[in-house]
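Here's the structure, in C-alpha coordinates; my notes come after.
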(Lines give C-alpha, C1' and ligand atoms only; values in the text may rest on other atoms or scores of the structure.)
Protein backbone atom coordinates (compact mmCIF):
# COMPACT_ATOMS: atom_id res chain seq x y z
CA UNK A 1 0.00 0.00 0.00
CA UNK A 2 1.52 3.32 -1.10
CA UNK A 3 1.48 5.97 1.63
CA UNK A 4 -0.46 9.15 1.00
CA UNK A 5 0.64 12.63 2.09
CA UNK A 6 -0.86 13.98 5.29
CA UNK A 7 -2.75 17.29 5.17
CA UNK A 8 -0.61 20.38 5.80
CA UNK A 9 -2.42 23.39 7.29
CA UNK A 10 -1.56 26.86 8.55
CA UNK A 11 -3.90 27.01 11.56
CA UNK A 12 -4.49 24.85 14.60
CA UNK A 13 -7.28 22.34 13.91
CA UNK A 14 -10.48 22.36 15.93
CA UNK A 15 -10.34 18.59 16.49
CA UNK A 16 -7.68 15.88 16.37
CA UNK A 17 -9.48 12.55 16.58
CA UNK A 18 -8.53 9.17 15.13
CA UNK A 19 -11.11 9.83 12.42
CA UNK A 20 -9.40 13.11 11.50
CA UNK A 21 -6.06 11.37 11.04
CA UNK A 22 -2.57 12.88 11.33
CA UNK A 23 -1.88 16.40 10.09
CA UNK A 24 1.00 18.87 9.96
CA UNK A 25 0.58 22.45 11.22
CA UNK A 26 3.02 25.10 10.00
CA UNK A 27 4.21 28.36 11.62
CA UNK A 28 2.01 28.22 14.72
CA UNK A 29 4.61 27.47 17.41
CA UNK A 30 7.30 30.02 16.56
CA UNK A 31 7.07 31.68 19.99
CA UNK A 32 7.57 28.51 22.05
CA UNK A 33 10.67 28.76 24.31
CA UNK A 34 12.35 25.68 22.84
CA UNK A 35 13.25 27.71 19.73
CA UNK A 36 15.17 30.29 21.76
CA UNK A 37 16.96 27.65 23.81
CA UNK A 38 18.11 25.74 20.74
CA UNK A 39 18.82 28.78 18.56
CA UNK A 40 21.28 30.25 21.08
CA UNK A 41 22.61 26.82 22.09
CA UNK A 42 21.48 27.40 25.67
CA UNK A 43 19.57 24.13 25.95
CA UNK A 44 22.80 22.19 26.47
CA UNK A 45 24.30 24.98 28.62
CA UNK A 46 21.41 25.89 30.93
CA UNK A 47 20.58 22.23 31.51
CA UNK A 48 24.08 20.75 31.14
CA UNK A 49 23.91 18.95 34.49
CA UNK A 50 20.40 17.56 33.94
CA UNK A 51 20.53 13.76 34.19
CA UNK A 52 18.93 11.91 31.27
CA UNK A 53 18.70 8.36 29.97
CA UNK A 54 20.02 7.80 26.45
CA UNK A 55 18.88 4.83 24.39
CA UNK A 56 21.52 2.79 22.58
CA UNK A 57 21.49 -0.45 20.62
CA UNK A 58 22.60 -2.24 23.79
CA UNK A 59 20.08 -0.67 26.14
CA UNK A 60 19.65 2.57 28.08
CA UNK A 61 22.62 4.40 29.60
CA UNK A 62 22.66 7.39 32.00
CA UNK A 63 24.22 10.65 30.85
CA UNK A 64 23.95 14.38 31.36
CA UNK A 65 22.58 16.78 28.78
CA UNK A 66 25.97 18.49 28.48
CA UNK A 67 27.88 15.25 27.93
CA UNK A 68 25.38 14.01 25.36
CA UNK A 69 25.48 17.20 23.30
CA UNK A 70 29.29 17.13 23.41
CA UNK A 71 29.23 13.54 22.14
CA UNK A 72 26.99 14.52 19.22
CA UNK A 73 29.09 17.60 18.44
CA UNK A 74 32.14 15.36 18.03
CA UNK A 75 30.26 13.13 15.58
CA UNK A 76 29.73 10.33 18.07
CA UNK A 77 26.61 8.70 19.44
CA UNK A 78 25.35 7.56 16.05
CA UNK A 79 23.56 4.60 17.64
CA UNK A 80 21.92 6.70 20.36
CA UNK A 81 18.64 8.56 20.87
CA UNK A 82 17.64 10.81 23.77
CA UNK A 83 13.90 10.13 24.11
CA UNK A 84 12.90 10.26 27.76
CA UNK A 85 13.88 13.78 28.83
CA UNK A 86 10.70 14.91 30.56
CA UNK A 87 10.27 18.65 30.85
CA UNK A 88 7.05 19.47 32.72
CA UNK A 89 8.36 18.92 36.25
CA UNK A 90 12.02 19.80 35.72
CA UNK A 91 12.49 22.61 33.21
CA UNK A 92 10.86 25.92 34.10
CA UNK A 93 10.95 27.19 30.52
CA UNK A 94 8.26 24.67 29.63
CA UNK A 95 6.05 25.01 32.69
CA UNK A 96 3.43 26.98 30.77
CA UNK A 97 3.58 26.14 27.10
CA UNK A 98 1.15 28.23 24.99
CA UNK A 99 -0.70 25.15 23.79
CA UNK A 100 -3.82 25.56 21.62
CA UNK A 101 -7.21 24.35 22.81
CA UNK A 102 -7.03 21.22 20.67
CA UNK A 103 -4.20 19.94 22.92
CA UNK A 104 -6.11 20.48 26.18
CA UNK A 105 -5.12 17.62 28.48
CA UNK A 106 -7.68 16.40 31.00
CA UNK A 107 -4.85 15.03 33.13
CA UNK A 108 -3.79 18.61 33.85
CA UNK A 109 -6.85 18.71 36.14
CA UNK A 110 -5.16 16.20 38.44
CA UNK A 111 -3.01 17.22 41.44
CA UNK A 112 0.53 18.02 40.38
CA UNK A 113 2.02 14.91 41.95
CA UNK A 114 -0.56 12.59 40.36
CA UNK A 115 -0.56 13.68 36.73
CA UNK A 116 1.68 11.87 34.23
CA UNK A 117 4.57 13.94 32.87
CA UNK A 118 3.81 13.73 29.18
CA UNK A 119 6.05 16.44 27.70
CA UNK A 120 9.47 15.40 26.44
CA UNK A 121 12.47 16.72 24.54
CA UNK A 122 13.86 14.34 21.92
CA UNK A 123 17.42 14.67 20.60
CA UNK A 124 18.74 12.27 17.99
CA UNK A 125 21.55 12.09 15.42
CA UNK A 126 20.99 11.37 11.76
CA UNK A 127 19.70 7.83 11.31
CA UNK A 128 18.23 7.44 14.79
CA UNK A 129 14.65 6.22 14.77
CA UNK A 130 11.60 5.02 16.66
CA UNK A 131 9.98 1.79 15.52
CA UNK A 132 6.29 1.60 14.59
CA UNK A 133 4.27 1.94 17.80
CA UNK A 134 1.08 3.18 19.47
CA UNK A 135 1.42 5.83 22.17
CA UNK A 136 0.75 5.24 25.86
CA UNK A 137 -2.93 4.62 26.75
CA UNK A 138 -3.81 5.26 23.08
CA UNK A 139 -3.35 8.95 23.86
CA UNK A 140 -2.80 11.51 21.10
CA UNK A 141 0.45 13.40 20.55
CA UNK A 142 1.89 16.54 19.05
CA UNK A 143 5.53 16.93 17.96
CA UNK A 144 7.24 20.27 17.32
CA UNK A 145 10.43 19.94 15.28
CA UNK A 146 12.95 22.63 16.22
CA UNK A 147 15.92 21.61 14.10
CA UNK A 148 16.71 18.97 11.48
CA UNK A 149 14.19 16.87 9.54
CA UNK A 150 12.11 13.83 10.46
CA UNK A 151 10.58 11.19 8.21
CA UNK A 152 7.24 9.87 9.48
CA UNK A 153 5.14 6.83 8.61
CA UNK A 154 1.57 6.62 9.93
CA UNK A 155 -0.81 3.65 9.90
CA UNK A 156 -4.52 3.91 10.69
CA UNK A 157 -5.97 1.99 13.66
CA UNK A 158 -7.17 -0.84 11.38
CA UNK A 159 -3.69 -1.29 9.91
CA UNK A 160 -2.20 -1.04 13.40
CA UNK A 161 -4.49 -3.88 14.47
CA UNK A 162 -3.43 -5.91 11.42
CA UNK A 163 0.18 -5.45 12.55
CA UNK A 164 -0.61 -6.58 16.09
CA UNK A 165 0.00 -3.13 17.58
CA UNK A 166 -3.63 -2.50 18.56
CA UNK A 167 -6.36 -4.79 19.84
CA UNK A 168 -9.02 -5.45 17.19
CA UNK A 169 -11.79 -4.26 19.51
CA UNK A 170 -10.15 -0.83 19.78
CA UNK A 171 -10.52 -0.13 16.06
CA UNK A 172 -14.25 0.44 16.48
CA UNK A 173 -13.61 2.56 19.58
CA UNK A 174 -11.28 4.75 17.52
CA UNK A 175 -14.09 5.65 15.12
CA UNK A 176 -11.85 5.00 12.11
CA UNK A 177 -11.99 1.57 10.45
CA UNK A 178 -10.31 2.59 7.18
CA UNK A 179 -7.04 0.96 6.14
CA UNK A 180 -4.75 3.79 5.12
CA UNK A 181 -1.19 4.90 5.69
CA UNK A 182 0.54 8.24 5.33
CA UNK A 183 4.12 9.48 5.01
CA UNK A 184 5.51 12.93 5.76
CA UNK A 185 8.82 14.79 5.90
CA UNK A 186 8.68 17.17 8.86
CA UNK A 187 10.62 20.44 8.57
CA UNK A 188 11.78 22.81 11.34
CA UNK A 189 8.84 24.69 12.83
CA UNK A 190 6.30 22.04 11.80
CA UNK A 191 3.99 20.53 14.41
CA UNK A 192 2.88 17.00 13.53
CA UNK A 193 -0.30 15.77 15.24
CA UNK A 194 -0.76 12.02 15.77
CA UNK A 195 -4.27 11.04 16.95
CA UNK A 196 -4.71 8.22 19.44
CA UNK A 197 -4.77 4.74 17.95
CA UNK A 198 -2.60 5.68 14.95
CA UNK A 199 0.66 3.72 14.73
CA UNK A 200 3.68 5.77 13.75
CA UNK A 201 7.39 5.33 13.07
CA UNK A 202 9.97 8.12 12.88
CA UNK A 203 13.46 8.38 11.38
CA UNK A 204 15.72 11.38 11.89
CA UNK A 205 17.15 12.51 8.55
CA UNK A 206 19.49 14.98 10.30
CA UNK A 207 20.56 15.74 13.85
CA UNK A 208 17.21 16.76 15.32
CA UNK A 209 15.81 18.44 18.40
CA UNK A 210 12.07 18.21 18.98
CA UNK A 211 9.51 18.75 21.72
CA UNK A 212 6.56 16.41 22.05
CA UNK A 213 3.56 16.01 24.30
CA UNK A 214 0.65 13.63 24.74
CA UNK A 215 -2.89 14.40 25.79
CA UNK A 216 -6.28 12.92 26.63
CA UNK A 217 -9.52 14.83 26.11
CA UNK A 218 -12.90 14.46 24.44
CA UNK A 219 -11.25 13.74 21.07
CA UNK A 220 -9.84 10.41 22.27
CA UNK A 221 -11.46 9.68 25.66
CA UNK A 222 -13.59 6.79 24.39
CA UNK A 223 -10.56 5.06 22.89
CA UNK A 224 -8.45 5.67 26.00
CA UNK A 225 -11.12 4.23 28.30
CA UNK A 226 -11.51 1.18 26.06
CA UNK A 227 -7.74 0.65 26.15
CA UNK A 228 -7.67 0.97 29.94
CA UNK A 229 -10.52 -1.54 30.20
CA UNK A 230 -8.50 -4.06 28.18
CA UNK A 231 -5.47 -3.45 30.38
CA UNK A 232 -7.53 -3.98 33.52
CA UNK A 233 -6.24 -0.67 34.85
CA UNK A 234 -8.85 0.01 37.53
CA UNK A 235 -7.34 3.16 39.11
CA UNK A 236 -6.87 4.94 35.79
CA UNK A 237 -10.35 3.93 34.67
CA UNK A 238 -11.70 5.60 37.80
CA UNK A 239 -9.64 8.70 37.03
CA UNK A 240 -10.98 8.81 33.48
CA UNK A 241 -14.58 8.34 34.64
CA UNK A 242 -14.17 11.27 37.02
CA UNK A 243 -12.60 13.48 34.37
CA UNK A 244 -15.23 12.52 31.81
CA UNK A 245 -17.97 13.51 34.26
CA UNK A 246 -16.22 16.79 35.00
CA UNK A 247 -16.05 17.61 31.31
CA UNK A 248 -19.60 16.27 30.74
CA UNK A 249 -18.72 13.82 27.99
CA UNK A 250 -20.76 10.62 27.89
CA UNK A 251 -20.34 7.52 25.75
CA UNK A 252 -20.77 3.78 25.85
CA UNK A 253 -17.80 1.41 26.08
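Taking residue 215, is it closer than 20 Å to residue 25 by Cβ, in contact with a helix residue (DSSP H, G or I) (Cβ under 6 Å, 6 or more places away or on another chain) and at pLDDT 95 or above?
yes
May I ask you to verify whether residue 190 is modelled with pLDDT of 95 or more and surrounded by fewer than 17 Cβ atoms within 10 Å (Cβ to Cβ)?
Spelling it out, it is not the case that residue 190 is modelled with pLDDT of 95 or more and surrounded by fewer than 17 Cβ atoms within 10 Å (Cβ to Cβ).
Looking for something on the phi < 0 side of the Ramachandran plot, part of a strand (DSSP E or B) and surrounded by fewer than 22 Cβ atoms within 10 Å (Cβ to Cβ) - is there at least one such residue anywhere in the range 194-204?
yes
Quick check on residue 228: is it closer than 20 Å to residue 171 by Cβ and either in a helix (DSSP H, G or I) or modelled with pLDDT of 95 or more (or both)?
Criteria met by residue 228.
Applying the selection to the range 9-50, what residues are closer than 25 Å to residue 127 by Cβ and out of contact with any helix residue (DSSP H, G or I) (no Cβ under 8 Å at 6 or more places or on another chain)?
Those that are closer than 25 Å to residue 127 by Cβ and out of contact with any helix residue (DSSP H, G or I) (no Cβ under 8 Å at 6 or more places or on another chain): 22, 24, 35, 38, 39, 41.
Within the range 26-61, which residues are in a loop (DSSP other than H, G, I, E, B) and surrounded by 12 or more Cβ atoms within 10 Å (Cβ to Cβ)?
26, 28, 29, 32, 42, 47, 48, 50
Run down 181, 186 and say which single residue is over 15 Å from the mean Cα position of the chain (by Cα) and closer than 24 Å to residue 25 by Cα.
181
Would you mind stating whether residue 239 is under 16 Å from the mean Cα position of the chain (by Cα) and either surrounded by 15 or more Cβ atoms within 10 Å (Cβ to Cβ) or within 19 Å of residue 9 (Cβ to Cβ) (or both)?
Answer is no for this residue.
The values are calculated or read from the model by the stated rules, or taken from the named source; none is laboratory data. Keep in mind that what you see is a predicted model, and the values were worked out from it rather than measured. We place every Cβ from the backbone using ideal geometry, glycine too, and count neighbours over all the protein chains shown.
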